[in-house]
Amino acid sequence: MQLLKLKPVIHKFDTFGEFAKEFNLNEKDLLITNEFIYKPYMEALGLKCNFIFQEKYGLGEPSDEMMNAILAEAKKKPFERVIAVGGGTIIDTAKLFCLKGVDDVVKAFERSIPIVKEKTLLIVPTTCGTGSEVTNISIAEIKSKHTKMGLADDQILADSAILIPELLKGLPWKPYICASIDALVHATESFVSPKANYYTRVFSKSAAEMILKVFKILAKDGQEARHKFHEEMLVASNFAGIAFGNAGVGAVHALSYPLGGTYHVPHGESNYQLYTAVFDVYLAKQPKGSIEGLNRILADNLGCSTDKVYVELDNLLSKLLAKNKLRTYGMTEADIDGFSDNVLKTQQRLLNNNYVPLSREEIRGIYQRLW
């Protein structure tokens with residue numbers, strides 16, 4: 001039985017210029033990024049890469065339409081390496097561009113074409129949340145299906161993952177905290193996954209502890225204090241990515257996808273709204289098991305008893321980001337049943353990875369409680 005796999009070689013540089021020099025970025029590289037990252041960190045370097053700015057092809061979470069528009073532009077020039085410098089949208093997009101014969105990304109998500117890697121893939125995350133630089137997963141909203149789909153395949157693993165803390169400096173508060181909460185969800189969902197083991201839980205535990213330490217400081221000292229912890233949070237996100245890349249995530253992600261796909265709620269924010277409600281159900285159904293170990297970790301770091309961890313976790317997170325009723329995002333009462341059916345129909349890959357199985361009525365109950 002495989003216990004741990006870590007494919008990308010992980011590098012760390014203090015500046016983007018150091019990375020560009022070490023990796024000899026050149027005219028044979030397709031570099032996908034945002035203009036607001038390019039201007040302060042790349043423009044003065046005079047790099048000859050073929051640059052594509054993601055925001056010119058769509059805003060927000062990745063969709064098949066956005067990805068296909070970027071793909072059409074990318075194919076206008078030959079390239080040997082794909083370099084993603086950005087958040088989850090850019091990383092998930094770039095992963096598909098390293099594959100052979102992709103002319104419509106939906107075909108890759110549906111696996112109606114062979115999934116075969118053709119290009120070298122370098123990933124440089126500019127948020128501290130997705131951990132996607134070390135996972136074999138790409139996720140996008142498929143417009144025609146009104147939900148998100150994921151492609152999980154080792155062919156889309158990065159060849160190198162590059163951590164550059166200075167790239168977090170310009171990240172505004174809300175994307176920063178949404179991404180960071182997403183990393184905490186990755187750490188805790190992967191800890192209770194049925195695929196988890198001693199190795200993956202080392203990364204889950206370390207990530208959760210690092211993130212909670214910083215969150216407590218931010219709750220006390222305010223948003224600007226985050227700039228002292230860019231490297232720590234980037235590493236914590238990376239650890240969480242290693243954990244969930246091996247052990248997987250479950251119902252929090254599964255239930256968040258219809259909300260994010262239908263009402264365009266940022267991924268980390270939609271996960272946050274569902275996070276503790278899912279774990280409350282887990283705990284009620286099966287209080288004995290790996291969730292006991294997780295609760296001890298949370299209690300030690302939150303300074304509370306194990307029976308109060310999700311209340312205290314909510315209290316801490318709500319000081320950093322507002323927790324809203326799902327109707328705030330546009331979700332209707334009719335969506336409660338529609339989303340429940342959608343989750344069961346489209347998210348079995350994630351539901352099979354739950355701490356304990358959830359029935360339709362339990363899924364519906366979570367949506368109803370939060371609506």
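The values are calculated or read from the model by the stated rules, or taken from the named source; none is laboratory data. Just so you know, these numbers come straight off a predicted model, no measurement behind them. Using ideal geometry, Cβ is built from the backbone for each residue, glycine included, and neighbour counts are taken over all protein chains shown. The protein model used for the area step is the full one, side chains on, heavy atoms only, and it has no ligands, DNA or RNA in it. Shrake-Rupley method; radii C 1.70, N 1.55, O 1.52, S 1.80 Å.
For Gly86, the residues 5 or more places off, or on other chains, whose built amide H falls under 5 Å of its own are Val124, Thr126. Please go through the residue pairs Lys12/Lys148; Lys195/Lys345; Lys285/Lys325; Lys169/Lys195 and name each one whose alpha carbons sit more than 29 Å apart in this structure. Over 29 Å Cα-Cα: Lys12/Lys148; Lys169/Lys195. Each 10 Å bin from zero holds the following percent of Cα-Cα pairs in the chain: 5, 25, 35, 25, 9, 1. Relative to the longest principal axis of the Cα atoms of the chain, the long axis of helix 333-346 lies at roughly 60 degrees. With θ taken as phi - 60° and the Karplus curve 6.51 cos²θ - 1.76 cosθ + 1.60 applied, the whole-hertz 3J(HN,Hα) list for segment 168-183 is 7, 4, x, 6, x, 4, 5, x, 4, 6, 4, 5, 5, 5, 4, 4 Hz, x standing for glycine and proline. Each residue of segment 127-140 is assigned a 3J(HN,Hα), and the resulting list reads 10, 10, x, 5, x, 5, 5, 10, 10, 9, 10, 10, 10, 8 Hz, derived from the Karplus form 6.51 cos²θ - 1.76 cosθ + 1.60 (θ = phi - 60°), x at Gly and Pro. Ignoring aspartates and glutamates fewer than eight residues from Lys107 along the same chain, the ones with Cα atoms less than 20 angstrom from its Cα are Glu61, Asp64, Glu65, Glu73, Asp92, Glu118, Glu141, Asp153, Asp154. Taking a Cβ cut-off of under 14 Å around Leu370, the surrounding Lys, Arg, Asp and Glu residues balance to a net charge of -1, with basic ones at +1 and acidic ones at -1. Principal-axis analysis of the Cα atoms of the chain puts helix 360-370 at an angle of about 90° to the longest axis. Leaving out ligands, DNA and RNA, what percent of the accessible area of segment 248-303 is carbon and sulfur, probe 1.4 Å? That share works out to 52 percent. For the chain, the longest principal axis of the C-alpha atoms and the axis of helix 88-97 are separated by about 50°. Pairs from the table (Lys5/Lys288; Lys119/Lys228; Lys21/Lys56) lying more than 31 angstrom apart at Cα are Lys119/Lys228.
Against the compact-protein benchmark of 2.2 N^0.38 Å, the Cα-based radius of gyration of segment 113-221 scales to 1.22. Per-residue Karplus couplings for segment 221-238, computed as 6.51 cos²θ - 1.76 cosθ + 1.60 with θ equal to phi - 60°, are listed in order as 9, x, 4, 5, 5, 4, 5, 7, 10, 4, 5, 4, 6, 5, 5, 4, 4, 5 Hz, Gly and Pro entered as x. Within straight-line reach of Lys319, meaning a Cα separation under 16 Å, sit the following lysines at least 8 residues removed in sequence or on another chain: Lys174, Lys213, Lys216, Lys220.
The Glu118 and Glu22 beta-carbon pair, evaluated with R₀ = 25 Å, returns a calculated FRET efficiency of approximately 0.60. Only DSSP H runs of four or more residues enter the estimate; each adds -39500 (n - 2.57), and after division by the residues of the chain the mean residue ellipticity at 222 nm equals -15500 deg cm²/dmol. Pairs of Cα atoms in segment 168-311 fall into 10 Å distance bins, from 0 up to the last occupied one, in shares of 12, 42, 37, 9, 0 percent. So for the chain: antiparallel DSSP bridges make up what percent, rounded to the nearest 5? Roughly 25 percent of the beta bridges in the chain run antiparallel, per DSSP. Each Lys or Arg adds one and each Asp or Glu subtracts one; over the other residues with Cβ under 12 Å from the Cβ of Glu22, this totals 0.
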